[in-house]
1. Provide the descending list of Cα extents for the range 218-349 along its principal axes, expressed in whole angstroms.
2. What does the charge count around S281 come to, taking other residues whose C-beta lies under 13 Å from its C-beta (Lys +1, Arg +1, Asp -1, Glu -1)?
3. What relative contact order, as a whole-number percentage, does the chain give when Cα pairs under 8 Å and 6 or more residues apart are counted?
4. Let me know the charge dipole size of the chain about its Cα centre in debye, to the nearest 20, where only the beta-carbon of Lys, Arg (+1) and Asp, Glu (-1) is charged.
5. On a 0 to 90° scale, report how tilted helix 227-239 is relative to the longest principal axis of the chain, with both axes built from alpha carbons and the result rounded to the nearest 10.
6. Note down the nm distance, to one decimal, between modelled labels 7 Å out along Cα→Cβ at N241 and at L150.
7. From the P(r) of the chain, could you give the percentage of C-alpha pairs in the tail past 33 Å?
8. Pairwise over distinct Cα atoms, reciprocal of the mean inverse distance: report the Kirkwood radius of the range 135-215 in Å, one decimal place.
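Bear in mind that the values in this text are calculations on the coordinates, not laboratory data. These figures come from a predicted structure and were not determined experimentally. All Cβ positions, glycine included, derive from the backbone under ideal geometry; neighbour counts span all protein chains shown.
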Amino acid sequence: MTSSETGTPGFQITVKPSGRLFTATPGETILAAGIRAGVGMPYGCKDGACGSCKCKKIEGIVVHGPHQSKALSEEEEANGFVLTCCGVAQSDVVLESRQVTSEGAFPIKKMPTRVALMEKKSADVMLLKLQLPANDSFAYHAGQYVEFLLRDGARRSYSMANAPHTLATSGGLELHIRHMPGGKFTDQVFNTMKEKEILRVEGPYGSFFLREDSNKPIVLLASGTGFAPLKALIEHMQFKNIQRPVTLYWGGRRPADLYMDAWVKAKLTEMPQLRYVPVVSDALPEDGWTGRTGFVHQAVLQDLPDLSAYQVYACGAPIVVDSAKAAYTHQAGLPEDEFYADAFITEADKAHEAASA
């Protein structure tokens, strides 16, 4: 059980068509081994829940740990598909996986951070700014996320809402935290956390970032705090002077859920290539809402029935992301490999899925 390439214990993982090679140690998931080796494979939750890391196994034996059937069905597994986030190699393995680049390979660090700012953006959304260690550097792609390392060993993931170039002037990492009543971490943020508190984070994680080698027009699709990484993408596009047409569709139940609506509207005056379509699903008469209503992913289809020449970047509730992918690829001609997603899967979502299974 030795990798012929390195002589280290483990199995050799070969990724096609890129030809990237790395070694997975005994019991290590394929994704964890790839991250350790700096190989940028696609992934999202790292928890067997979202399916972002799903790829085709060409050769070898892979055994899966716990995962949700919507991420990998029995039929898909029988047809040779694997989830690298919970798949463990039992032999040398050859995979077919897109998006394998050196570009996702910033070093992953554990760092103490200090809470520099807490600002309520709505009744249930807190903007958190985390000051990074002064003597350390932290590199990431706009769209990636960090994990909070809680005292009991649990982890919670949140996307950076600011682009990397803003770190020097913004006071640190910006995160948008939605309160989930009863949530171990969000209850702490909304009830007991104070500025200057020290929190430990690890990152960057995720394969959600702008593919700059394309000139296709872009649809950004957000529900709720799924806006956070898309805000970082918008900042990044402005900074890099990327002129591709981009339309942000941001959905919420009530107008207050579009908690940085004014920020987006200000950006419209600075970025002629940016369009903005806010959508509210459950507006009440007292909201005075006169804009688009309904489900945000359907608003995209109403405006753009042919998505065959687009890229879509979708973030937010799993139901929105999953519905969008199915509709856009099956009804609107979007190539499946041009749909990039980061589904915000909560601990409550995981518990519900486990109970259903």
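1. Principal axes ranked by extent give 40, 34, 31 Å for the Cα atoms.
2. Summing Lys and Arg as +1 and Asp and Glu as -1 gives 0.
3. In percent, rounded to a whole number, it is 14.
4. Its charge dipole is roughly 840 debye.
5. 90
6. The two pseudo-label positions are separated by 4.6 nm.
7. Within the chain, distances greater than 33 Å cover 29 percent of Cα pairs.
8. Every distinct Cα pair counted, the radius reaches 14.2 Å.
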